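**Student:** Below is one structure. I have some questions about it.
A short reminder: the numbers here are calculations on the coordinates, not readings from a lab. These numbers come from a predicted model, not from an experiment. Note that we place each Cβ from the backbone using ideal geometry, even for glycine, and neighbour counts take in every protein chain shown.
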Amino acid sequence: MARRAPAFVCQNCGAVYGRWQGKCESCGEWNTIAEESAAADVTAAAPGRPGRKGRPFKLEPLAGETHEAPRHPSRIAELDRVTGGGFVRGSVLLVGGDPGIGKSTLLIQAAAAIAKTGERAVYISGEEAVAQVRLRAERLGLSRAEVELAAETSVEDIIATLSQGKTPRLVVIDSIQTMWTDSVESAPGTVTQVRGSAQMLIRFAKRSGTAVILVGHVTKDGQIAGPRVVEHMVDAVLSFEGEGAHQFRILRAVKNRFGPTDEIGVFEMTGGGLREVTNPSELFLSERDLGAPGTAVFAGIEGTRPVLVEIQALVAPTTLGTPRRAVVGWDQSRLSMVLAVLEAHCGVKLSGHDVYLNVAGGLRIQEPAADLAAAAALVSSLTNAPLPADAVYFGEVSLSGVVRPVAQAAARLKEAQKLGFARAVLPESARGEAGEPGIALSTVDNLASLVADIAARGPGRSPAKLRRQEA
Ligand code: TYD
Ligand code: MG
């Protein structure tokens, strides 16, 4: 018989304990452990079927015919790029993101796009009333789209409804945290309920061939709330990111069984919904403060696409015992490394300075190739020497201070040239790979020579000088 003993489940990571405790040992969160009924967990072994004899099945050889996963493109190019060419039949996608970032907006637009191809698209909201969803669709100019709507939260009812009539091509469940199933006794929103509901919807997707999109909320530290376990159950996890203050939104694949995980889709939130941004560089560079010290343009690569973005640094004398190191949009430990290399090999003393680094536009850079641009911005801010406004930077910095080559130099240079940049500062060894670029190349083989170059440019318009000019 099934155990009726209570179980204590961490609502953050899903770890199960025999008794209550204040801190989850698995994820380190406090006060996340809540009592749930263990027997009702659908993931536990099915009770009441002891000793069932197994049925032998046929094993297949690895070699054999394969078919390309049948896909349904949404024709929203930025979305299709991230999914790997469209929604795969029978697959389940989890879309995570902060509240208010635009998940519902993106997905109603996707549902409308699928409906436009003549296929059945269903949008189930567990958070908003049908009238609210309609209101949003009206604002998006989609009120004529043939998307079927419902405000429902019972998974059994949803699956029963969806199983009638023509098989839907796409079903959006907004959000998985509001769903509940009868097969689980816990309250809606608990890990057990979310997992149980997700499992039933996944089974429905596989059985019917419908592509199902689950919306998942994100906790304050950026993880999909509660059901980390759901991330393992679904075929793809997309995260929808952006800075509240910026209109840019970035869709990124965190996991994808049917496509790439390094592509990004860039959108702009407008009064009429999400608009695709086909040339992100132009957007990220649109509000540059030309001639100000502490900014460098990084020629990066996101997936297969070059993206130019401004890196801003502020280095200021500290008033604290321990100087501050703050980063937005880049890796904190990479900043520490670049600072250490500047101190150790370039004679740049930063221990008495607060350092702030920001990637403009809300983009999050993961490439080590940004090292050189970050270092240039930092030194420029420290020496108050503006960098040339028509230059881009890329290159990885090693612990010894050597500037190392990075992949796809030619693509980076081409994008820079396209956007009107006249020169690139890049690793010595990238020159051969660059081919015949239409822009001037200045190569650096180590960080110390870059620092010397920037320092030699001398201070630009200092605040004091500006003030004097104004007077
Ligand atoms: P929403 O899709 O409801 O976010 P989520 O589902 O991720 O919580 O988007 C809400 C925000 O988007 C809200 O602050 C208003 C803004 N928005 C626009 O700026 N333009 C629009 O056309 C729409 C529909 C929303
Ligand atoms: Mg929403």
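**Student:** Binning every alpha carbon pair distance of region 105-227 at 10 Å from zero, what are the percents per bin?
**Tutor:** That works out to 14, 44, 34, 9, 0, in percent per bin.
**Student:** Still on this structure, please answer the following. How long, wide and thick is region 226-296, going by the Cα atoms along their three principal axes, in whole angstroms, largest first?
**Tutor:** Projected onto the principal axes, the Cα atoms of region 226-296 cover 49, 32, 25 Å.
**Student:** Is region 332-471 rounded, prolate or oblate when judged by the Cα gyration tensor, a ≥ b ≥ c being the square roots of its eigenvalues, rounded requiring a/c under 1.5 and prolate requiring a/b larger than b/c?
**Tutor:** Numbers: a/c = 1.73, a/b = 1.26, b/c = 1.37.
Oblate.
**Student:** So for the chain, considering every pair of alpha-carbon atoms, how many percent are separated by more than 34 Å?
**Tutor:** Counting pairs separated by more than 34 Å, the tail of P(r) holds 47 percent.
**Student:** Okay, next question. Would you calculate, for the chain, the mean residue ellipticity at 222 nm contributed by helices, counting each DSSP H stretch of 4 or more residues as -39,500 (n - 2.57) and dividing by all residues, to the nearest 500?
**Tutor:** -8000 deg cm²/dmol
**Student:** Based on the Cβ-Cβ distance of T318 and E25, what FRET efficiency does E = 1/(1 + (r/R0)^6) give at R0 = 51 Å, to the nearest 0.05?
**Tutor:** Working: r = 37 Å, r/R0 = 0.72.
With a Förster radius of 51 Å, E is 0.85.
**Student:** Report the charge-dipole magnitude of region 222-332 in Debye, nearest 20, computed about the Cα centre from +1 at each Lys and Arg Cβ and -1 at each Asp and Glu Cβ.
**Tutor:** 300
**Student:** Give me the percent relative contact order of region 412-463, please, defined on Cα pairs under 8 angstrom at least 6 residues apart.
**Tutor:** Computed value for region 412-463: 33 percent relative contact order.
**Student:** Once the mean 1/r over all distinct Cα pairs of region 280-356 is inverted, what Kirkwood radius in angstroms do you read off?
**Tutor:** 14.2
**Student:** Can you list the residues of region 135-152 with backbone N under 11 Å from a point 7 Å past the Cα of T161, pointing along Cα to Cβ?
**Tutor:** 148-152
**Student:** Any chance you could give the angle, 0 to 90 degrees and rounded to 10, that helix 130-139 forms with the longest Cα principal axis of the chain?
**Tutor:** Computed tilt is about 30 degrees.
**Student:** While we're on this one: On the Cα set of region 250-403, report Rg and Dmax in Å, please.
**Tutor:** 16.5, 52
**Student:** Between A410 and R203, what's the calculated FRET efficiency when r is the beta-carbon distance and R0 is 56 Å? Round to 0.05. Display every interim value, and only then the final one.
**Tutor:** Details: r = 47 Å, r/R0 = 0.84.
The formula returns an efficiency of 0.75 here.
**Student:** So what's the net charge close to A410: Lys and Arg +1, Asp and Glu -1, counting the other residues with Cβ under 13 Å from its Cβ?
**Tutor:** Counting the neighbours of A410, the net charge comes to +1.
**Student:** Specify which residue in the list G300, L314, L285 is farthest towards the positive end of the charge dipole of region 265-324, using unit charges on the beta carbon of Lys, Arg (+1) and Asp, Glu (-1), about the Cα centre.
**Tutor:** With unit charges placed on the Cβ atoms, the residue in question is L314.
**Student:** Quick check: convex hull over the Cα atoms of region 393-454, volume per residue in Å³, rounded to an integer?
**Tutor:** Cα-based convex hull of region 393-454, divided per residue, equals 70 Å³.
**Student:** Would you tally the net charge around V338, using a Cβ to Cβ cut-off of less than 12 Å, leaving V338 out, and scoring K and R as +1, D and E as -1?
**Tutor:** Summing Lys/Arg as +1 and Asp/Glu as -1 gives -2.
**Student:** Now for a different question. Between R431 and L290, with labels modelled 7 Å along Cα→Cβ, what's the label distance in nm to one decimal, could you check?
**Tutor:** Between R431 and L290, the simple spin-label model gives 2.9 nm.
**Student:** Only four residue types carry charge here, +1 at the Cβ of Lys and Arg and -1 at the Cβ of Asp and Glu. Report the dipole size of the chain about the Cα centre in Debye, rounded to the nearest 20.
**Tutor:** 640
**Student:** Once you charge only the Cβ atoms, +1 for Lys and Arg and -1 for Asp and Glu, what is the size of the charge dipole of region 74-224 about its Cα centre, to the nearest 20 debye?
**Tutor:** 600
**Student:** Quick one: net charge around D174, please, counting Lys, Arg +1 and Asp, Glu -1 for every other residue with C-beta under 10 Å from its C-beta.
**Tutor:** Around D174, the charge tally is -1.
**Student:** Oh, and also: Given the Cα-Cα distance of S154 and A340 and 0.36 nm per residue of separation, how much length would full extension add, in nm?
**Tutor:** Extra length available between S154 and A340 comes to 61.4 nm.
**Student:** Taking each pair of different alpha-carbon atoms in region 48-131 once, compute 1/r for the pair, average those values, and report the inverse of that mean as the Kirkwood hydrodynamic radius in Å to one decimal.
**Tutor:** Final number for the Kirkwood radius of region 48-131 is 16.5 Å.
**Student:** Please flag any cysteine in the chain that has no other cysteine's Cβ under 4.7 angstrom from its own Cβ.
**Tutor:** C346, each lacking another Cys Cβ under 4.7 Å.
**Student:** Among G90, I176, V155, pick out the residue whose Cα is farthest towards the positive end of the charge dipole of region 81-178, where Lys and Arg carry +1 and Asp and Glu carry -1 on C-beta, about the Cα centre.
**Tutor:** Farthest along the dipole direction, towards plus: G90.
**Student:** Angle, helix 409-418 long axis vs. longest principal axis of the chain, Cα atoms, 0 to 90°, nearest 10?
**Tutor:** 80
**Student:** Hey, another quick one. Mind checking the angle between helix 103-116 and the chain's longest principal axis? C-alpha axes, 0 to 90 degrees, to the nearest 10.
**Tutor:** 70
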